[in-house]
Structure formats: structure tokens, C-alpha cells
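*Asks:* Structure provided below as C-alpha cells; questions to follow.
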Amino acid sequence: MTVIPLPANRPPDRFYRGGTGLAELRGDGAVGEYEPEDWVGSATTVHGEAPTGLTRLPDGRYLRAAIEADPQWWLGPDHVAAYGADAMLLVKLLDAGERLPVHAHPDRAFAKAHFAASHGKTEAWFLLTGGSLHLALKEDLSADELAAVLERQDAEEILGLMHEVQVNPGDVVLVPAGVLHAIGGGLLLVELQEPEDFSLMLEWKGYPIDGPNDGHLGIGYDLALQAMERRARTRQEIAELVRPAGFGPSVFPAAADPYFRLGRERVQGEIQVEAGFAVVIVLSGQVAVTGRDSADGRVTLKRGATAVAPHAAGELSITGEGEVLICRPPAATR
């Protein structure tokens, strides 16, 4: 098949409310109060809850197992030579029914040293709705000052230390590992990230999180706080992380390239998309996708549809009227 359409894959009992925006986008039925994320084309499990989070293909296999069984078919020879059978990507649809607690994610070196993981968790967002979010510190904090902020659990204080950023539909936001952040309530977005589920909580009061026991993912806060960036970022630096996306094969800031790539295409008739493993998300309209090297015809996808395209499908032809996101792992480098 050219691309493989995917049903919703919403892990239950996340640490913040949401989900109705996902149901509306995808045309699904009711969702649980704490189902704000749809993990699309996922070979990643929820931290400590395997196999929750893994995408199951229509034939019953987990996508991760299918990739491991035939990595070159799925990922292509250049990707396999560079990264092995690791897809190097997790894509989510995310509907923040409330403001998320302030948190950060470890970088690759920290994750390797303390979680025995292959990836950190740099992430980036494509905004489907507008609103506000908090991103990075406005002033430098010492290690003792950050620890004291954690201890007090004062949401007003924590948010006051950070940049509040207004975003619009079609904006992109890059969140480097270590940077403190919180998505604002009411935001609906597409998230690309390194394929790990590591969130280190600076804030938990008022959320269904046992912060003292679980907010540090088992490594203790003396260590977890070391993964959080304590330096201030200027307004100029924030402007480099947050910007309108535009259209084309790469709409994230260049600093995202070592981690993932996002293409945004407006389809009015027919376009061609290069071969390679990709998660496809239709934001509006209806399109048909045909792979150059596929013998199984075309697949029709309407607004809210998600699908995974293997490298073996070859160059994709997308026809119709609509807007499409093409989510990809980093380019292979030898």
C-alpha cells in the first residue's frame, strides 16, 4: 500500500486534560477526560507502561516490530546505515484542554547517562490554533534558586520567571532539550519529537501527578534539576524558536534538522513528495496519495486523517485540494 492509514492511538491517563479537539479533528467519537494526545506512527512506549503508546498497523502488528523485521523497506538503506532500525521520530497530535504543568526534557547526553536511552527529547510544534504558551526563563537562576522554586510549587512565581509567548495558527515552536516550557490551555498542535517519553516536572501542584515520587522519573530531583536549563533566554532567542511556518519541505528552524523535519504542503491539483519514511497528516480538504513504487493504487485521506508512508513506496504523488504535513526523521548522514 502506498501509505497506511492509521486509527487514533490515544494513551489514557496522561497528566493533563484534553482530547475533544482531537476527536473533532479526526471525526472520532467520545474521548476520556485525560486523553489529550494521539501518538501517530509511534514506535515509542509511554514511560514505564509498555506497550502503551505503540502504533498498531491494520494487519495487527506493532509498527515497531514491522520496522525491526524489515528496516530497509520501511526506512531506506541510507537511514538504516546511519541509524539502524530506529525510526528516530515520534509524532503526536496534542489537544491541551488545560495549561500543561511547567516541565523540561533531558538532552541526549543526559538521557544516555541516566536513563540508558538512545535519545533525549528535543521537540517542536506546529500550531493548529492560537493562544499563549510559556517558554524558557527570563532571568538566570542558580541551582539553589531553581531548587527553591521547585519546593515552593507556586504556579504564579514559576510562570512569572518565564517568557509568555502569543502564537497563531500556522506558527512553529522549537523546544530544545532542557528548556522549561508549558503549552497553554486551548492549544491544538502537531508535535514532532525525539522518540522518548521523558518529562521532568518543575510544577505539579493541581495536577494528577505525584511530583515528589514521579516528577523526576526515578532519578531524584537533585539530579533531575541538572537537566533543566537555568540560563535566561533573550527575546531575540525566543524569536528564533517561534516563527510563522510558511510552506515547503522544511518549515522548522534549522536547529531542528538534527532531530526531525517537517514539510508543509498546500495541494491544489498535484504535488510530488520525495521518497522516505514519513508520517502524513491532512490538516484540511481531501487528498489522494499514490506511491511511484507501489502496486496497490492510491489511498484517499480527508481532514484529520493520519498515515505512515514507508520508504519503499518511493516518491509520493499527492492530488486533490487541501493542506498536508509531512513529518520525517532527520536526514541520514554517514
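Every number in this text was worked out from the coordinates using simple rules, so none of it is lab data. Computed from a predicted model, the values in this text were never measured in an experiment. Glycine gets a Cβ as well: all are built from the backbone with ideal geometry, and neighbour counts include every protein chain shown.
*Asks:* Let me check against my output: what whole-number percent is the relative contact order of the chain, with C-alpha pairs under 8 Å and at least 6 apart? Intermediate results must be reported in sequence, preceding the final value.
*Replies:* Numbers: 862 pairs, mean separation 74.5, N = 334.
In percent, rounded to a whole number, it is 22.
*Asks:* Same structure, new question: Which translational diffusion coefficient, to the nearest whole µm²/s, is obtained for segment 1-58 from the Stokes-Einstein equation, given a Kirkwood hydrodynamic radius over C-alpha pairs, 25 °C and 0.890 mPa s?
*Replies:* Estimated diffusion coefficient is 203 µm²/s.
*Asks:* Tell me, what is the FRET efficiency for Ala288 and Glu315 to the nearest 0.05, using R0 = 22 angstrom and their Cβ-Cβ distance as r?
*Replies:* 0.90
*Asks:* Relative contact order of segment 261-328, please, whole-number percent, based on alpha carbon pairs below 8 angstrom and at least 6 residues apart.
*Replies:* Averaging sequence separation for qualifying contacts and normalising by length gives 53 percent for segment 261-328.
*Asks:* If R₀ is 30 angstrom, what is the calculated FRET efficiency for the pair Asp78 and Leu57, using the beta carbon separation as r and rounding to 0.05?
*Replies:* Computed FRET efficiency for Asp78 and Leu57: 0.80.
*Asks:* Moving to a separate point now. For the chain, find the longest principal axis of its Cα atoms and tell me its angle to the long axis of helix 143-152, 0 to 90°, nearest 10.
*Replies:* Value to nearest ten degrees: 90.
*Asks:* Give the Rg/Rh ratio for the chain, taking Rg as the radius of gyration of the Cα atoms and Rh as the Kirkwood radius, to two decimals.
*Replies:* 0.96
*Asks:* If you take the alpha carbon radius of gyration of segment 180-327 and divide it by 2.2 N^0.38 Å, what ratio comes out, to two decimals?
*Replies:* 1.33
*Asks:* Hey, another quick one. Counting each DSSP H run of 4 or more residues in the chain as -39500 (n - 2.57), what helix-only mean residue ellipticity at 222 nm follows after dividing by all residues, to the nearest 500 deg cm²/dmol?
*Replies:* -4500 deg cm²/dmol
*Asks:* Can you find, among Ala143, Ala111, Ala332, the residue sitting farthest towards the positive end of the charge dipole of the chain, where Lys and Arg contribute +1 and Asp and Glu -1 at Cβ?
*Replies:* Comparing the listed Cα positions along the dipole, Ala332 ranks first.
*Asks:* So, one more: What is the pair-distance distribution P(r) of segment 261-328, computed from all Cα-Cα distances in 5 Å bins starting at 0, with each bin given as a whole percent?
*Replies:* Reading the bins upward from 0: 4, 19, 33, 29, 13, 1.
*Asks:* Also: What is the gain in length, in nm to one decimal, between Glu49 and Asp210 on full extension, counting 0.36 nm per residue of separation less the C-alpha to C-alpha distance?
*Replies:* Once the chain is fully extended between Glu49 and Asp210, it gains 56.3 nm.
*Asks:* Something else now. May I ask you to compute the full-extension gain from Ala30 to Asp257, defined as 0.36 nm times their residue separation minus their alpha-carbon distance, rounded to one decimal in nm?
*Replies:* Details: separation 227, 0.36 × 227 = 81.72 nm, distance 3.63 nm.
Roughly 78.1 nm would be gained on extension.
*Asks:* Roughly speaking, what is the stretch gain from Lys138 to Ile219, that is 0.36 nm per residue apart minus the C-alpha to C-alpha distance, in nm to one decimal?
*Replies:* On the way: separation 81, 0.36 × 81 = 29.16 nm, distance 2.71 nm.
So the chain would gain 26.5 nm between Lys138 and Ile219.
*Asks:* If you don't mind, there's one more thing I want to ask. What FRET efficiency, computed as 1/(1 + (r/R0)^6) with R0 = 41 Å and r the Cβ-Cβ distance, is obtained for Gln272 and Glu68, rounded to the nearest 0.05? Numbers along the way, then the final one.
*Replies:* Values: r = 30 Å, r/R0 = 0.73.
After rounding, the FRET efficiency stands at 0.85.
*Asks:* Now a separate question. For segment 2-138, what is the convex hull volume of the alpha-carbon atoms per residue, in Å³?
*Replies:* 156
*Asks:* Determine which lysines satisfy two conditions relative to Lys302: a Cα distance under 26 Å, and not lying fewer than 8 residues away in the same chain.
*Replies:* Answer for Lys302, where 26 Å is the Cα cut-off: Lys92, listed by chain and number.
*Asks:* Quick check: convex hull over the Cα atoms of segment 97-179, volume per residue in Å³, rounded to an integer?
*Replies:* 123
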